[in-house]
Amino acid sequence: MTMKLLEILRPESVTLDLRARAADGAIAEIVGLLAGDARVSDPKRLLVDVLAREATESTCLGFDTAIPHARTDVVKGIVMAAGRSEAGARFACGKAAKLIFVVANPVPMATEYLRLVGGLARAMRSEEVRGRLMAARDAGEFLRALAEAGAV
């Protein structure tokens, strides 16, 4: 199954001005972008699930990036929201993430989820890709940079 970026990450689910400086607040802010998404039946439960997963092991990758995620029954298909922070939000790994991607998937979609997270992780290793994401002027430009990097 080939995943298309705009099926997973929509412009309204991207914020380029995260205000939170701690991981939990940043995750809550990003999950809040999914509150009106029909694919998410219970945004509050989604937040609980993502924070519970984050509490077991930090999802910061290094490279100024974190990918908090959860397998949950409150989503239909894989959903993603993203946030960018100039100052960064501090994660339990002790580093601040400037690019944060929250991913949620139903339990049966483990293979697709692993493909998505693997693509994101590979793309975030590139200083050029991270630079384009940090310089994006709007959500459309942010999404184009991800798509061109082959992240999704």
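On the full set of protein chains, 1.4 Å probe, figure out the accessible area of Asp42 and give it in Å² to the nearest 10.
60 Å²
Students sometimes get this wrong: rank Thr15, Thr72, Thr56, Thr111 by accessible area, probe 1.4 Å, all chains present, largest first.
Details: Thr15 30, Thr72 5, Thr56 105, Thr111 85 Å².
So, going from the largest accessible area down, we get Thr56, Thr111, Thr15, Thr72.
Per residue, what accessible area does the range 41-126 have, given a 1.4 Å probe and all protein chains present, in Å²? Mind showing how you got there, number by number?
Details: 3790 Å² over 86 residues.
Accessible surface, normalised per residue, equals 44 Å².
Where a Cα-Cα gap under 29 Å defines reach, which lysines qualify for Lys76, not counting those fewer than 8 residues away within the same chain?
Partners within reach: Lys4, Lys44, Lys98.
Give a residue-ordered list of calculated ³J(HN,Hα) values for the range 24-35 (Karplus: 6.51 cos²θ - 1.76 cosθ + 1.60, θ = phi - 60°; whole Hz; x for Gly, Pro).
4, x, 5, 4, 4, 4, 6, 4, x, 5, 8, 4
Solvent-accessible area of Glu128, probe 1.4 Å, all protein chains present, reported in Å² to the nearest ten, please.
In the full protein context, Glu128 sits at about 130 Å².
For mean projected area of the Cα convex hull in nm², the choices are (1) 7.6; (2) 11.6; (3) 8.2; which was calculated from the structure?
Step by step, mean projected area of the Cα convex hull in nm² for this structure corresponds to label (1).
The values are calculated or read from the model by the stated rules, or taken from the named source; none is laboratory data. Quantities reported herein were computed from a predicted structural model and do not represent experimental measurements. Surface areas here come from the heavy atoms of the whole protein model, side chains and all, with no ligands, DNA or RNA. Shrake-Rupley method; radii C 1.70, N 1.55, O 1.52, S 1.80 Å.
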